[in-house]
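Quick notes on the structure that follows.
Every read-out reported here was derived from the displayed coordinates using simple, explicitly stated rules and does not represent laboratory data. What you are looking at is a predicted structure, and each value in this text was computed from that prediction instead of being measured. Because the Cβ atoms are built from the backbone with ideal geometry, glycine has one as well, and the counts that use them run over all protein chains shown.
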Amino acid sequence: MKTLPVRELVLLAGLVALVAAIFSRVGPAFGVRMLAEAACYAVIALGLTIQWGYAGLFNVGLMGFVALAAFGTVLLSYPVNQAFWQGAGPGMLGWTFVTLVVGVAITIAISRSDRIGVPKPLRMALTLVAAAITYLAVQGQLDPAASVIEREAGFVGGLGLPVWIGWAFGGALAGLLGWVMGRITLGLRADYMAIATLGIAEIVKAFLKNADWLTRGTLTVSPIPWPVPTPADLGFVASRSAYLSVVAIMIVVLYVLLQRAWASPWGRMMRAIRDNETAAAAMGKDVNRRRLEMFIIGNFIIGVGGAALITFATIFDPSSFMPLNHTFLIWVMVILGGAGNNLGTIFGALLVYVVWTMSEPAALFLFRQIEVIGGDLFGWQAPGDLATRALQMRVFVIGLAIVLVLRLAPGGLLPEKRMRYE
Amino acid sequence: MPEAGLLTVLPMNELVFFINKGIIAGLISGSIYALGAVGVTLIFGILRFAHFPHGDMMTTGAFFALVLLVLFPGAGAAVGLPTAFVLLPIAMAMTAVFAVGIDRVIYRPMRLAGSRPVVMVMTSIGVMLMMQGGIRLFAGTGTRQLYVAADSKDIYRIPLGGRDIVITEPQLLLFVLTIAAVIALHLFLTRSRMGKAMRAVADNPDLARVSGISIDHVVRTTWLIAGALAAAGGTMLALDVTLKPDLSFNIILPIFAAAIVGGVGQPYGAIAGGLLVGFTETLAVFNWSVLLRPLQPLLPEFIEIPGRITFVPTEYKIVVPFFILLAVLIWRPTGIFRGRLNL
Amino acid sequence: MALIEVDAIHAGYGGANILNGVSIVVEADEIGVIVGPNGAGKSTTLKAVFGLLSVSEGAVRFDGRDITNHTPESLVRAGLSFVPQEYNVFPSLTVEENLDMGAYIRRDDYRRLVDQVYGFFPPLKDKRRQPAGELSGGQRQMVAMGRALMTEPKLLLLDEPTAGLSPLYMGEIFERIIAINTTGVGIVMVEQNARQALGFAHKGFVLAGGRNRFTGTGKELLDDPEVARSFLGGGD
């Protein structure tokens, strides 16, 4: 029986009204920027809803995947750095790479040496020794290479390829990291997986932040080229609108693909696995393999969305990926919108991001009032860093939103429509 | 070789450096991780979810100590110990009550509604954000000292001929406190009625209920202990270095690693795990070249010992607990101490 | 006045009812045995009595007092004790600590009760410092019953105390149950080994499909040819 999607329409109308009000207040340039960023977040949220809503995978390392994908985009799409290619760097890096490949090959060969009858304890010891030597050798070559590159050229630069190739490559990097992580963590219970993904995100960030030769580290890389003409050519409103439409098309394509996949036998199997893992396993489904697929696809989408988000900002700054503000903002989008419901997720992303953006001036305004009232009534002297403190209010509110949604509406605003399948 | 001769041959300065920068530093971070990990492991054993805001619970405890410090700046001078340490029992009590309060307001209703463990974990992440935001809101993002002017940051030196073994007063107090906490916890869990009931609930909650054990009381006691130990760890950490809100997020990964290494639900395992993670982390970034340098005269000319030999560059310290964590999760998900310690 | 009186209760998990009117009456010094095929609702009856799942119709009276849907904790205080079929010890606690947990609600000195349990189950005395999880199945069953006795219950509910035990241990456990009963503890037990259990039962209840099919003394049921044919199997 088909009923009118009243709930969806009401929520959508509310969102449109909210956005319109903001547009009229802050002007189109800022408004379009907000929408473009919200759209990028929506892509990331779709990736997360696949992992959490469809497969029940607990990924709290979102910023690691986003940062890696953004780095991938920089590596492919940033203009070529001639100083690097003409210097000694490429040769040294080449040798480092050769060392790495040889070392890994030897280590793997030793770890497989049971086939020629090497006993297990000895094999284990030899493998560890080989791995340690490989590590030391690679580190020993990489360090001088890194300092030569930093001295000669600053950092390796990019390849100057079109930015959409960069996005795809970034997404692929994130997917690859997801594959590695998934192989390790998917068999674990959810809390362990959360801890593990949190850890990997910290490590990726530590690497990107400290590998100056590769990423310029805290010096940041900018500007990352856009897939559409930049504000310098078209002006803010037109170029940002063009960017917004690129991301919007991406969302539509993703949405259609996901809806179709979800209705297919493959999607049915995924739901079966999520709802009753034991039964699905008993029916001969390879549960962990299916979940690995979900994890990789989800991370690919997260990566592409993240790359688009960072490209829009035009600056790659490894120290700007904050787990607290960003990762859990995306989580709120997914849980509030309705995990496992694509439309709900997109809606949640837009709503939460709009509210998030507006919460900054709102919090500042609120605290200014408190300061004034407090001063008038009690002679209260506000601390000097009140503005930075006021912004922390937003972190508190994200947390509160998570707690309240989970408590009051665990399915979100647009809960997943559970189909009954006999 | 006679004793005296051995001593002159041994590179004493280098050894002392190793003790100062390796052993003592490892013991300190290990003790702090242990104090946190015991709470995480108890909560996991009783309530069955990973308590993400535990690092913030530690910071909260330290901030309670800071508030007390502002209120009673003279308390330390009266006893001759750092003021924050003298006021620590009050801060521990406050944090314990705070932890119970959070359970009452947030976790308990979810428990009664029958939420799944994953939802509890997500809720705990929400609580983590609320606490992080709250702490920064009230205390700002800056760095603070947990000392009042009257406090002396005593430094003890144990002379050994050349370089001295150096240990500061807060470090010494931390060791004493950790050992006292371990003993108290042991006596509580094995001797007291409530301690045994906690272990019983961790073992078999259904049977505990059938025996007439009030799960509510056990849960409350768990939060009291976890909160008090978190406050102790957080305050001592802030005394040893400084107090800043970012403390908590950096510390949660090693604490989880310690709890999992020790086998979740096993307090003694958590203590051992904390020390293990602390030592590994410290020794991984320790500059071994200092210890190898005395060997230089013995080596042929063409081998030169580099100025810096570490297993892991200092910037990547966070990688260490993570790899310990992964290694344990892959090879021994039950923790390395299961079966040996009976708890 | 009967010690325990289960009056036509209905109960189940979620929507589906498993019990559709089960009645049981056992006097203060009696052993009542519940037998019946799998899925008849035997264990469910015990759980419903002990407040582990809610009774939708009917009533449970203990010592003349209505205890329908009371919490397990309050029932323990009222003088009931329950030994589940599985997971009935605290594996990482020692034998003596398991007994301590049985006495959790007591505030007096219960040393004599610990000695009494060791009197009923002598093997436990030597193992009292050993974790219960390291004991054999039969010894674990002893720990479980010992734990339940620590409250000095008037009524002991036993869910298949001999499940999974060797015939040797089975006889020993039955002997202990009779010994416990002679000290004045009423017993309601579910038992798969129906023939042996009915041999010493004062009252027997044959359940099927969540209802009483036959009720009588143990001897009456054993002698009833229809019970024997339908529920007690051929010989053994």
Next on the checklist: Can you give me the convex hull volume of the Cα atoms of the stretch A:140-233, divided per residue and expressed in Å³?
Outcome noted: 152 Å³
Item to check | Cα-Cα pairs of the stretch A:65-135 separated by more than 13 Å (percent) | outcome: 74 percent
Checklist entry - Lys/Arg Cβ at +1, Asp/Glu Cβ at -1, dipole of the protein assembly as shown taken about the Cα centre: which of C:158, A:40, B:113 is farthest positive-ward? => result A:40
Next on the checklist: Please give me the summed charge of the neighbours of residue A:362: other residues whose Cβ is under 13 Å from its Cβ, Lys and Arg +1, Asp and Glu -1.
Outcome noted: +2
Checklist outcome for this item: Most exposed first, judged by fewest Cβ atoms within 10 angstrom, A:278, B:178, B:242, A:218 run A:278, A:218, B:242, B:178
Checklist entry - Extension gain residue A:248-residue A:322, at 0.36 nm per residue separation less the Cα-Cα distance, in nm? => result 24.1 nm
Next on the checklist: Only bridges whose two residues both fall in the protein assembly as shown count here: according to DSSP, what percent of them are antiparallel, nearest 5?
Outcome noted: 60 percent
Next on the checklist: What are the membrane-span-like helices in chain B by this rule: whole DSSP H runs, Cα extent along the axis at least 20 Å, mean Kyte-Doolittle hydropathy at least -0.5?
Outcome noted: B:25-47, B:54-71, B:88-102, B:117-139, B:169-191, B:215-240, B:247-261, B:267-284
Checklist entry - Based on DSSP H runs of at least 4 residues, each adding -39500 (n - 2.57), what is the mean residue ellipticity at 222 nm of chain A after dividing by all its residues, to the nearest 500 deg cm²/dmol? => result -25500 deg cm²/dmol
Checklist entry - Dividing the alpha-carbon radius of gyration of the stretch B:80-218 by 2.2 N^0.38 Å (N being the number of residues), what value is obtained? => result 1.46
Next on the checklist: Under 37 °C and 0.692 mPa s, how fast does the stretch C:154-197 diffuse according to Stokes-Einstein, given a Kirkwood radius computed over C-alpha pairs? Answer in µm²/s, whole number.
Outcome noted: 306 µm²/s
Item to check | residue B:163-residue C:126 FRET efficiency (beta carbon distance; Förster radius 60 Å; 0.05 resolution) | outcome: 0.60
Item to check | Interatomic Cα distance distribution for the stretch B:39-121, bins of 5 angstrom, percent | outcome: 3, 14, 19, 19, 14, 10, 8, 6, 4, 2, 0
Checklist entry - Given R₀ = 45 Å, FRET efficiency for residue C:28-residue A:275 by Cβ-Cβ distance, to 0.05? => result 0.35
Checklist outcome for this item: Any DSSP H helix in chain A with Cα axial reach of 20 Å or more and mean Kyte-Doolittle score of at least -0.5? Listed by number, the hits are A:6-26, A:28-48, A:62-77, A:89-111, A:120-153, A:163-185, A:190-210, A:236-263, A:287-313, A:342-378, A:386-408
Next on the checklist: What number does chain A give for Rg over Rh if you use C-alpha atoms and the Kirkwood radius?
Outcome noted: 1.02
Checklist outcome for this item: When C:19, A:128, A:244 are ranked with the fewest other C-beta atoms within 10 Å first, the list becomes A:128, A:244, C:19
Checklist entry - When the C-alpha atoms of the stretch B:187-289 are aligned to their principal axes, what extent does each axis show, in angstrom, from largest down? => result 59, 26, 23
Checklist entry - So, with +1 on the Cβ of K and R and -1 on the Cβ of D and E, and no other charges, what is the size of the charge dipole of the stretch B:3-331 about its Cα centre, to the nearest 20 debye? => result 1040 debye
Checklist entry - For chain C, which semi-axes, largest first and in whole Å, follow from the square roots of 5 times the eigenvalues of its Cα gyration tensor? => result 28, 21, 16
Next on the checklist: So if I take the alpha carbon set of the stretch C:89-152, get Rg, then get Rh from the Kirkwood formula, what is the Rg over Rh ratio?
Outcome noted: 0.93
Checklist entry - Could you list, bin by bin from short to long, the percent of Cα-Cα pairs of the stretch C:15-63 in 10 Å steps? => result 21, 57, 20, 1
Item to check | Average beta carbon contacts from partner chains per residue of C:96-105, 10 Å cutoff | outcome: 5
Checklist outcome for this item: Proxy exposure order for B:146, A:9, B:326 (fewest C-beta within 10 Å first) is A:9, B:326, B:146
Checklist entry - With Cβ to Cβ distances under 14 Å as the rule, what net charge do the other residues near residue A:308 carry (K, R +1; D, E -1)? => result +1
Next on the checklist: What is the distance in Å between the Cα centroid of the stretch C:58-73 and that of the stretch A:134-169?
Outcome noted: 75 Å
Item to check | Simple label model, 7 Å out from Cα along Cβ direction - residue C:183 to residue B:250, nm | outcome: 6.1 nm
Checklist outcome for this item: Quotient of Cα radius of gyration and Kirkwood radius for the protein assembly as shown, i.e. Rg/Rh, equals 1.02
Next on the checklist: For chain A, set up a GNM with springs between Cα atoms under 10 Å and report which of A:307, A:137, A:29 has the largest fluctuation.
Outcome noted: A:137
Item to check | Gyration tensor verdict on the stretch A:102-186 (Cα atoms; rounded if a/c is under 1.5, prolate if a/b is larger than b/c, oblate otherwise) | outcome: oblate
Checklist entry - Suppose R0 equals 22 Å; then what is the FRET efficiency for residue A:180 and residue A:133 from their Cβ-Cβ distance, rounded to the nearest 0.05? => result 0.50
